[in-house]
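Below is one structure, written out as structure tokens; the observations come after it.
The values are calculated or read from the model by the stated rules, or taken from the named source; none is laboratory data. Just so it is clear, the structure is predicted and the values come from calculations on it, not from any experiment. No Cβ is skipped: glycine too gets one built from the backbone with ideal geometry, and neighbour counts run over all protein chains shown.
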Amino acid sequence: MLLLDPKNDYIFKRLFATAPHLLTALINAVRSDQEPLEVVEVLNPRIDPEELSGKFIVLDILAKDQQGRLINIEMQVKRFDLWNAHSAYYLASTLTKQLSSGQSYLSLKPVIGIHLLNFDLFTQPEQLNQAHWCFEMRDRWQPSTKLGAELELNIIELGKADRLHCAAAQSLAAWVTFFEHWSEESAMSQLSYPPVQQALSLLKTLSADAETQHRAQVRERALRDELTEIALANQRGREQGKLEGLQDALDKMIASGISKTQARSILGL
């Protein structure tokens, strides 16, 4: 049976929004150096049909743990120029939306973000040997001094983590293998981590359902169209910038005394 891709954000949400114990295992694997938490409620389990074909819609999961903390989990398959702004905005808005007018800050609960990326975000030479990142509000000169626990953003670059064989916790390595090699029976059969095997079993069930297959295809098509639209917009921007640059060069050459015909010939216009 051809298995659906768990990195498709529709399938990802179907897998984890309906199985809080698997979501708990994934979160704790990412935050293995922190005290384990337990998801007690998924606050947005519903997926509306219009969301599947809508542009620039994020099918994230918003969960609450036993301490009332909010955890935002996203699978991101596409990279775009303003991704950093997007992730920071969603995390901050999840924090600020907790309070209504007149409420005390005492009722504010920390927000934890977990973003799984199907692309390499950090590509500088000094960043190539790290795939798991955790961003918090810390002092620039004394990084050991943290302002508070209100905001925390965990990023996993899945492809890079797979290439590095995920030197982190064994549980996180198992999840990385699941997301990167879900369709390879030999790779999956070697995993003994129970939550991943349960996720694989659920994925097989979803993959056997015709309606789920159709919706996954609709979502994949929408994401592909979105990527194409972004690429075309970037191309138009580059072409417009090139035209403006040529016009500027032409104006400067004419101003320096070169004839317009000669200047256009030099510039290949």
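Within region 1-23, the only residue that satisfies the criterion of being among the β-branched types (Val, Ile, Thr) and buried (at least 18 other Cβ atoms within 10 Å of the Cβ) is 11. For region 30-51, a residue qualifies if it is surrounded by fewer than 23 Cβ atoms within 10 Å (Cβ to Cβ), in contact with a helix residue (DSSP H, G or I) (Cβ under 7 Å, 6 or more places away or on another chain) and not in a strand (DSSP E or B), and the qualifying residues are 32, 36, 37, 38, 45, 47. Among the residues of region 117-170, those that are among the acidic types (Asp, Glu) and either part of a loop (DSSP other than H, G, I, E, B) or outside the structural domain of residue 75 (by TED's automatic domain parsing) (or both) comprise 120, 139, 150. Within region 117-164, take every residue that is aromatic (Phe, Trp, Tyr) and surrounded by 12 or more Cβ atoms within 10 Å (Cβ to Cβ) and give me the one that is nearest to residue 77 (Cα to Cα). Taking the candidates together, the pick is 119.
Applying the criterion of being surrounded by 14 or more Cβ atoms within 10 Å (Cβ to Cβ), of a type in the set (S, T, N, Q) and part of a helix (DSSP H, G or I) to the residues of region 86-116, the residue that is nearest to the chain's Cα centre (by Cα) is 87.
Quick one: how many residues across region 143-187 are within 17 Å of residue 116 (Cα to Cα) and among the charged types (D, E, K, R)? Total meeting the criteria: 6.
Taking the criterion of being assigned to a helix (DSSP H, G or I) and either without any contact (Cβ under 8 Å) to a residue 60 or more places away in the chain or outside the structural domain of residue 117 (by TED's automatic domain parsing) (or both), the residues of region 171-195 that qualify are 173, 176, 177, 180, 181, 185, 186, 187, 188, 189, 194. Quick one: in region 17-34, of everything that is within 14 Å of residue 193 (Cβ to Cβ) and polar (S, T, N, Q), which residue is modelled with the lowest pLDDT? Among residues in region 17-34 that are within 14 Å of residue 193 (Cβ to Cβ) and polar (S, T, N, Q), the one modelled with the lowest pLDDT is 32.
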